[in-house]
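Q: I have a structure here, written as structure tokens, and I will follow up with some questions on it.
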Amino acid sequence: MSSIDRRDFLKGGAGAAMALSGISPNILMGQDDRTVRIGIIGVGGRGRSLLRLLLRRGDTVVNAICDINPEAIQRSVDMINEAGAATPTQYLNGDEDFRNLVQRDDLDAVIIATPWLWHTDMAVAGMKAGKAVGVEVPAAVTIQGCWDLVNTSEQTGIPCMIMENVCYRRDVMTVLNMVRQGLFGELIHCQGGYQHDLRGIKFQPGAEFGPGARGEAVWRTHHSITRNGELYPTHGMGPISKCLNINTGNRFETLTSTATKARGLHNYVKAEGGEDHPNADIRFKLGDVVTTVIKCANGETIMLSHDTNLPRPYSLNFRVQGTKGIWMSDNRSVYLEGVSPEPHQWEPFSNYSEQYDHPLWKRHTAESEGAGHGGMDFFVVHAFVESVKRQIPPPIDVYEAASWSVISPLSERSIATGSSPMHFPDFTRGEWSRRVSSFAHTDEY
Ligand SMILES: NC(=O)c1ccc[n+]([C@@H]2O[C@H](COP(=O)([O-])OP(=O)(O)OC[C@H]3O[C@@H](n4cnc5c(N)ncnc54)[C@H](O)[C@@H]3O)[C@@H](O)[C@H]2O)c1
């Protein structure tokens, strides 16, 4: 195993300069055979699914893992040993033990898959210790947290990638390919969201949640009690942001959010735990459906929907609409004026999916088989590992981590002030109009 010399990167070499300028990495170095040494902080459900993907690769080694839950640690150690790899060093000495993990000198990168409130502190600690950071979504939950990520990355020269896997969903990448080839004309409006009935995740059987529960019921439910806003914006926003070149020629300017009343979680507690269950007294703050509208500098609008408390089938609510046509994910349909067979009639997306399948997917279909979320998880891990290995900026960078994550606190403020407009910070400090996208311009990563 050989390690990666990060000095050039840290001290403003080509990679670091490009990380800050947004110059495309595609002109950079070719593939190499170095091993990327990774530590994982948070090996719950998501951390272990990322671990599984790392163990399938031949170019990564997981030297350290950290969690406050011994069972999660043990399950991860078992996975690693079953894959024939050496037992990693384990950090399970409480909430702050991650600070010891990031100091190790046998790690190139850390992946963070902990509850949301930890992400920023852990990412900042990782960058300050010189480790490339891959952080789960969202990367921060406050405006200051978003700035902390950007400032730390700029000051240290260390990249921070938000691990937004939906950017790599196959249909989403096909549509991005169609957007880039101009099939939809000039883009005008996009939609996305997180429409996922999480009631069975926010509560265990018997309507329990909080300390002592399992998985996300331990921590996620609490956000629905204390916050009202677009709490999980990045799965919807990631792909849209790539279509609209946010931070690479375009930017979010303002946002308004509006929430419905909150009924779903209360009704669920009563149905699952009974009318007299103590949790039936809780007043959930999170509106059942939160609608957010964003205006972009180049004149487009984006509508996001957060909808996690009501019975409904899963949907990310995607829509891309331009001067020449429209794609909608829910009905898997496309309409292109002058191209679609019948005026005013949808045609199936399958008429386009093969022809415009993204080159990245064409190249890596076999490797992505069996990876989580229909294969897209392979691509986000692949992109992170390749960016560390090649010492190039990640294709989803700290400016995106901040711009997408800041939607939550801005949306909370908007709702709290009668849906008033909120202005987005410009995390690129004016560079957005000059920066160049490095996302998925090749078939490599
Ligand atoms: N991209 C995706 O598709 C996707 C899917 C699921 C979850 N996620 C995200 O991944 C993150 C984790 O979600 P999850 O479903 O794995 O939750 P989880 O509760 O199953 O796992 C979180 C783990 O973090 C550990 N933890 C808590 N505090 C810690 C600390 N201070 N130090 C170390 N470990 C700590 C917990 O013990 C737990 O094992 C969340 O941000 C979630 O939004 C993303």
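Each reported figure results from applying straightforward, stated rules to the coordinates on display, with no laboratory input. No experiment lies behind these values; they were computed from the predicted model shown. Glycine gets a Cβ as well: all are built from the backbone with ideal geometry, and neighbour counts include every protein chain shown.
Q: Amide H to amide H under 5 Å from I40: which residues, 5+ apart in sequence or cross-chain, H placed 1.01 Å off N in plane?
A: A64, I65, C66, I111
Q: How would you rank E164, E275, E431, E300, going from fewest to most other Cβ atoms within 10 Å of each one's own Cβ?
A: E275, E431, E300, E164
Q: Calculate, in nm to one decimal, what R434 and T142 gain on full extension: separation in residues at 0.36 nm each, minus their alpha carbon distance.
A: Extra length from R434 to T142 when fully extended: 102.5 nm.
Q: Which ³J(HN,Hα) values, rounded to whole Hz and listed in residue order, are derived for region 319-324 from phi using the Karplus coefficients 6.51, -1.76 and 1.60 in 6.51 cos²θ - 1.76 cosθ + 1.60 with θ = phi - 60°, glycine and proline given as x?
A: 8, 10, 9, x, 5, 10
Q: Further question: Given H placed 1.01 Å from N in the peptide plane, which residues other than close sequence neighbours of G193 have an amide H under 5 Å from its amide H?
A: G236, S305
Q: Stretched out fully, how many nm does the piece from T301 to A271 gain, at 0.36 nm a residue minus the Cα gap?
A: Additional length available on full extension: 6.9 nm.
Q: Same structure, new question: What is the set of long-range amide H partners of M161 at a cut-off below 5 Å, with H atoms built 1.01 Å from backbone N?
A: Amide H neighbours of M161, under 5 Å, 5+ apart: V133, G134, V135.
Q: Let me ask something else. Multiply the residue gap between Q74 and T87 by 0.36 nm, knock off their C-alpha separation, and tell me the result in nm, one decimal place.
A: So the chain would gain 3.6 nm between Q74 and T87.
Q: Also, I was wondering about something else. In whole percent, what relative contact order does the chain give with Cα contacts below 8 Å and a gap of six or more residues?
A: 22
Q: Most mobile of P395, P115, P278 per a Gaussian network model of the chain (Cα springs, under 10 Å)?
A: P278
Q: Using a Förster distance of 41 Å, how high is the FRET efficiency between R57 and N351, based on the Cβ-Cβ distance and rounded to 0.05?
A: Details: r = 35 Å, r/R0 = 0.85.
Given R0 = 41 Å and the Cβ-Cβ separation, E is 0.75.
Q: Can you compute the charge dipole magnitude of the chain about its Cα centre, using +1 on each Lys and Arg Cβ and -1 on each Asp and Glu Cβ, nothing else charged? Give it in debye, rounded to the nearest 20.
A: Value, rounded to 20: 440 debye.
Q: Straight-line reach from K324: which aspartates and glutamates have Cα under 14 Å away, leaving out those fewer than 8 places along the same chain?
A: E186, E337
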